[in-house]
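The values are calculated or read from the model by the stated rules, or taken from the named source; none is laboratory data. This one's a predicted model, so the numbers in the text were calculated from it and none came from an experiment. Note: ideal-geometry Cβ built from the backbone for every residue, glycine included; neighbour counts use all protein chains shown.
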Amino acid sequence: MGKDFIRYGMVGGSADAFIGTVHRVANRFDERTRLTAGCFSRDEEKNRASGAAFGTERLYASFQEMAEAEGRREDGIDFVSIVTPNVSHYEVAKAFLAQGINVVCEKPLCFTVQQAEELAALSREKDLLFGVTYTYMGYPMVKFARQLVREGKIGRVINVSAEYPQEWLIDLLGEASSTAQLSGWRFNPKVAGISNCVGDIGTHIENVVAYVTGLKIKRVAAAVDYFGQELDLNANILVEYDNGAKGNYWCSQVSMGHYNDLVFRVFGTEGSLEWHQEDPERLKVCLKGQPMQYYYRGTGDIYGAAQACQRIPSGHVEGFHAAFANIYRAYSGAVLKKSRGEALTEADLDFPTVEDGVEGVKFINAVVASGKKDAAWVAL
Ligand SMILES: NC(=O)c1ccc[n+]([C@@H]2O[C@H](COP(=O)([O-])OP(=O)(O)OC[C@H]3O[C@@H](n4cnc5c(N)ncnc54)[C@H](O)[C@@H]3O)[C@@H](O)[C@H]2O)c1
């Protein structure tokens with residue numbers, strides 16, 4: 001008889017951090033994991049206070065100490081969630097993989113393609129499960145969009161138009177303001193990497209479109225705007241997929257009137273699909289010769305993976321936390337099943353993996369390189 005819950009640890013995610021809190025809430029949705037260990041901050045006092053607030057049994061001063069100690073224990077953590085800023089993802093992930101511990105890491109996976117491929121190779125070599133939290137594939141209606149594409153409902157995909165505009169950095173276009181102090185590491189290339197906007201939100205577009213369409217990007221041509229800042233704030237990106245189709249992606253942090261307005265429109269030879277993250281419960285489907293339709297989460301019209309991951313009745317809006325919880329449900333379910341020696345199916349692996357993380361890093365690097373070459377095509 002195998003275990004019925006798994007232990008996880010967290011690196012980053014102190015009580016005042018953004019995404020670590022979302023990860024902890026998401027883990028609680030299914031009551032399958034216990035937050036047993038943590039190094040929530042490099043600041044000793046913050047780390048201690050966070051550990052006490054979260055009721056964490058085992059607190060460590062550094063991620064290196066945590067990886068080594070947890071790797072040695074009989075009852076060590078089954079996986080670690082890495083929710084630190086981008087700069088440390090690579091070394092933290094590597095430290096835990098080296099100890100034989102499964103990893104969930106925030107996006108972007110790391111800075112360079114070489115680092116990303118090294119992490120992917122290490123996880124394969126050690127036979128470990130590696131998730132990368134690309135949030136939006138966790139939404140039921142995104143899963144339903146994927147299902148419809150896979151069933152051939154919209155025919156062959158011929159074009160994609162997707163965008164992720166935000167307004168929160170508009171003040172950077174003018175005089176310095178306090179908004180810039182929030183998550184300030186995002187504008188520091190030493191911590192964020194070579195990109196701010198594309199690395200923070202453009203990469204989500206790449207992942208969600210790849211998930212829905214199954215298409216891989218071959219090359220990109222991008223106009224990247226810096227508006228006098230060291231890192232980008234806006235990008236218009238033309239993409240070409242492996243099936244020859246084209247797409248256009250736009251990400252921006254300086255577009256008034258938009259908060260987290262991720263939208264994708266997928267056009268095929270037989271129809272089209274459209275989904276809005278700020279209106280996530282419905283999917284617009286237009287099929288040739290039929291009136292325009294809207295499918296709603298929680299109704300009898302939804303089936304497959306989308307149906308399996310919905311949690312509450314239609315009309316009670318699920319959202320960001322639930323999408324994260326769906327990723328964790330799949331991931332922790334896979335870790336649990338694997339620990340019992342059971343074979344994993346494609347459905348068990350319905351979470352973003354390290355391979356998706358590698359694609360994300362390739363995308364970010366190619367977009368920035370294209371921007372620097374006056375929007376010349378750059379292969380991924
Ligand atoms: N998937 C998503 O939708 C999504 C959304 C927001 C952020 N993110 C990603 O999550 C990561 C964190 O972003 P955030 O907005 O939560 O940042 P944040 O600044 O709010 O939090 C970072 C946390 O990491 C801690 N930390 C930093 N270095 C550490 C180290 N070496 N050891 C231990 N703790 C350390 C900090 O103390 C803090 O608690 C980034 O990579 C970001 O791209 C993803």
Filtering region 279-315 for residues that are in contact (Cβ under 8 Å) with a residue 24 or more places away in the chain and of a type in the set (Ser, Thr, Tyr) leaves a count of 3
Checked region 106-159 for anything under 19 Å from the mean Cα position of the chain (by Cα), within 14 Å of residue 214 (Cα to Cα) and of a type in the set (Val, Ile, Thr); matches are 142
Over region 55-84, the set of residues within 12 Å of the ligand (Cβ to nearest atom) and in a helix (DSSP H, G or I) is 63, 64, 65, 66, 67
crowded, with 18+ Cβ neighbours inside 10 Å, assigned by TED's automatic domain parsing to the domain that holds residue 147 and aromatic (Phe, Trp, Tyr), is that true of residue 295? yes
Every listed condition ((1) on the phi > 0 side of the Ramachandran plot; (2) at pLDDT 95 or above; (3) touching a Phe, Trp or Tyr at 6+ places or on another chain (Cβ under 8 Å)) holds for residue 234 save (1)
Here the residues within region 1-24 that are exposed (fewer than 15 other Cβ atoms within 10 Å of the Cβ) and within 15 Å of the ligand (Cβ to nearest atom) are 16, 18
Exactly one of 318, 346 is within 27 Å of residue 102 (Cβ to Cβ), in a loop (DSSP other than H, G, I, E, B) and either free of Cβ contacts under 8 Å to residues at least 60 places away in the same chain or not charged (D, E, K, R) (or both), and that residue is 346
Residue pairs within 8 Å by beta carbon, gap of at least six or interchain, first lying in region 1-25 and in contact (Cβ under 8 Å) with a residue 12 or more places away in the chain and in a helix (DSSP H, G or I), second among the acidic types (Asp, Glu) and within 9 Å of the ligand (Cβ to nearest atom), listed first then second, are 19/106
Within region 305-313, does at least one residue satisfy the condition of being modelled with pLDDT of 95 or more, crowded, with 16+ Cβ neighbours inside 10 Å and either part of a loop (DSSP other than H, G, I, E, B) or within 15 Å of the chain's Cα centre (by Cα) (or both)? no
Note: among 214, 199, 247, just one is over 23 Å from residue 132 (Cα atoms) and either in the same structural domain as residue 151 (by TED's automatic domain parsing) or not small (Gly, Ala, Ser) (or both), namely 247
Residue hits (region 25-54; buried (at least 22 other Cβ atoms within 10 Å of the Cβ) and near the ligand (Cβ under 9 Å from one of its atoms)) are 38, 39, 40, 41, 50
Within region 85-114, residues being part of a loop (DSSP other than H, G, I, E, B) and either of a type in the set (Lys, Arg) or over 23 Å from residue 339 (Cβ atoms) (or both) number 8
Per the filter on region 144-162, residues of a type outside the set (Lys, Arg) and not in a strand (DSSP E or B) are 144, 145, 147, 148, 149, 151, 152, 154, 155
By residue number, the members of region 345-380 that are aromatic (Phe, Trp, Tyr) and closer than 15 Å to residue 198 by Cα are 363
